[in-house]
Amino acid sequence: IKGQDDVQYAFYDDDFRQRMLQEKLLEDQMKLALQHEEFIVYYQPKYGVTTENLVGAEALVRWRKADGSTVMPGKFIPLAEKNGFISYLDKYIFAEVCKKQKEWLEAGKQVVPISVNLSRRHLYNDSFIEEYAQMVEEAKVPAKYMQLELTESAIFENQEALCQIIDRLHSMGFSILMDDFGTGYSSLMMLKSIPIDVLKLDKSFVDDFDDPKGQKIITSVIELAQALHMEVTAEGVETKEQYEFLRKLGCNTIQGFYFAKPMPEEEFERLLIEGIG
Ligand code: C2E
Ligand code: CA
Ligand code: CA
Ligand code: CA
């Protein structure tokens with residue numbers, strides 16, 4: 001036993017190796033979790049600023065383990081992006097949302113467009129567009145009810161290739177949302193060349209609304225987006241003051257805890273029934 005302890009000690013002393021082992025374990029668990037359908041979709045409603053109606057939602061993944069505990073995406077998305085598992089996960093979430101939309105449409109419910117996150121890892125992958133096209137086709141869901149959220153970092157890599165990809169996605173009927181706008185490296189000039197439909201103003205801007213400089217920045221970004229015919233969705237709106245400020249500026253939609261947190265499917269379904277005026 002003494003000998004074993006020594007071996008273990010040498011083993012665990014090695015931080016790097018331990019991290020690798022933990023990552024490998026998590027990776028294996030994620031693969032099994034996908035097979036066992038432990039990944040579920042939460043929906044966070046988006047509200048129109050003028051009407052305060054439900055106008056859309058974002059699909060956000062949750063890992064519901066067999067023991068009933070829930071793992072938040074921050075705990076596994078970074079690794080999934082690193083090891084490529086994210087391709088399977090994003091496709092799965094997209095397919096799940098397609099399935100739901102189909103069900104709601106067939107049940108005669110009034111549906112709203114739902115945006116799904118897309119890791120930049122897929123974008124430059126040749127089969128990606130066909131796979132997503134096939135999923136909407138199979139589900140028989142009009143593409144206008146499915147939207148794609150890309151982060152700014154996706155745009156940083158290869159603008160020209162990205163424009164072609166977005167053009168194709170547009171021709172298939174998808175809207176493209178730029179996620180976390182303002183957190184990446186891109187310049188405002190990028191907005192001129194990338195055909196984005198909706199700009200999602202990052203929470204960090206919204207949080208800065210009570211600072212005069214922060215206000216000027218938010219104001220300029222919204223004005224610029226409008227001049228370029230993009231809609232603006234503000235993320236992470238938590239207070240009435242933030243909401244009022246954004247409403248006055250002409251921001252189009254609001255997503256944040258002030259209106260609603262991400263919620264399980266059944267709860268969102270109830271909102272669909274009562275919430276669209
Ligand atoms: P995100 O795409 O920026 O999603 C918005 C995040 O902000 C969500 O966190 C949401 O719960 C949170 N949020 C929304 N409103 C508020 C608010 O008013 N206050 C605060 N404090 N937070 C708010 P969540 O669900 O933990 O997701 C974190 C991130 O994980 C997402 O950020 C996204 O980057 C990633 N993610 C989630 N689901 C997926 C997915 O299916 N695929 C991919 N590739 N990434 C995903
Ligand atoms: Ca997002
Ligand atoms: Ca975001
Ligand atoms: Ca974010």
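At-a-glance table
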| quantity | calculated |
| --- | --- |
| Qualifying positions in segment 109-123 - touching a residue at least 40 places away in the same chain (Cβ under 8 Å), over 18 Å from VAL55 (Cα atoms) and out of contact with any strand residue (DSSP E or B) (no Cβ under 9 Å at 6 or more places or on another chain) | ARG121 |
| Odd one out for THR151, checked against (1) over 17 Å from the mean Cα position of the chain (by Cα); (2) modelled with pLDDT under 90 | (1) |
| In segment 154-179, residue nearest to ligand 2 (Cβ to nearest atom) [restricted to those that are modelled with pLDDT of 90 or more and among the charged types (D, E, K, R)] | ASP179 |
| Checking LEU188 against (1) more than 16 Å from ligand 2 (Cβ to nearest atom); (2) touching a residue at least 24 places away in the same chain (Cβ under 8 Å); (3) not in a loop (DSSP other than H, G, I, E, B), the condition it does not meet | (3) |
| Within segment 198-277, strands (runs of 3 or more DSSP E) holding 3 or more residues that are exposed (fewer than 13 other Cβ atoms within 10 Å of the Cβ), modelled with pLDDT of 95 or more and not basic (Lys, Arg) | none |
| Those residues of segment 28-51 which are in contact (Cβ under 8 Å) with a residue 60 or more places away in the chain and away from ligand 4 (no atom under 16 Å from the Cβ), in sequence order | ILE40, VAL41, TYR43, PRO45, TYR47, GLY48, VAL49, THR50, THR51 |
| Within segment 124-155, tally of residues that are part of a helix (DSSP H, G or I) and within 16 Å of ligand 3 (Cβ to nearest atom) | 4 |
| Pairs with Cβ under 8 Å, 6+ apart, first in segment 97-108 and at pLDDT 95 or above and crowded, with 16+ Cβ neighbours inside 10 Å, second basic (Lys, Arg) and not in a helix (DSSP H, G or I) | LYS102/LYS140 |
| Single residue of GLY68, GLY74, GLY84, GLY56 found to be crowded, with 16+ Cβ neighbours inside 10 Å and not hydroxyl-bearing (Ser, Thr, Tyr) | GLY56 |
| Test set (1) within 16 Å of ligand 3 (Cβ to nearest atom); (2) on the phi < 0 side of the Ramachandran plot - LEU89 fails condition number | (1) |
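The values are calculated or read from the model by the stated rules, or taken from the named source; none is laboratory data. Everything numeric in this text was worked out from a predicted model, so none of it was measured. Cβ sites come from the backbone with ideal geometry, for glycine too, and all protein chains shown count toward neighbours.
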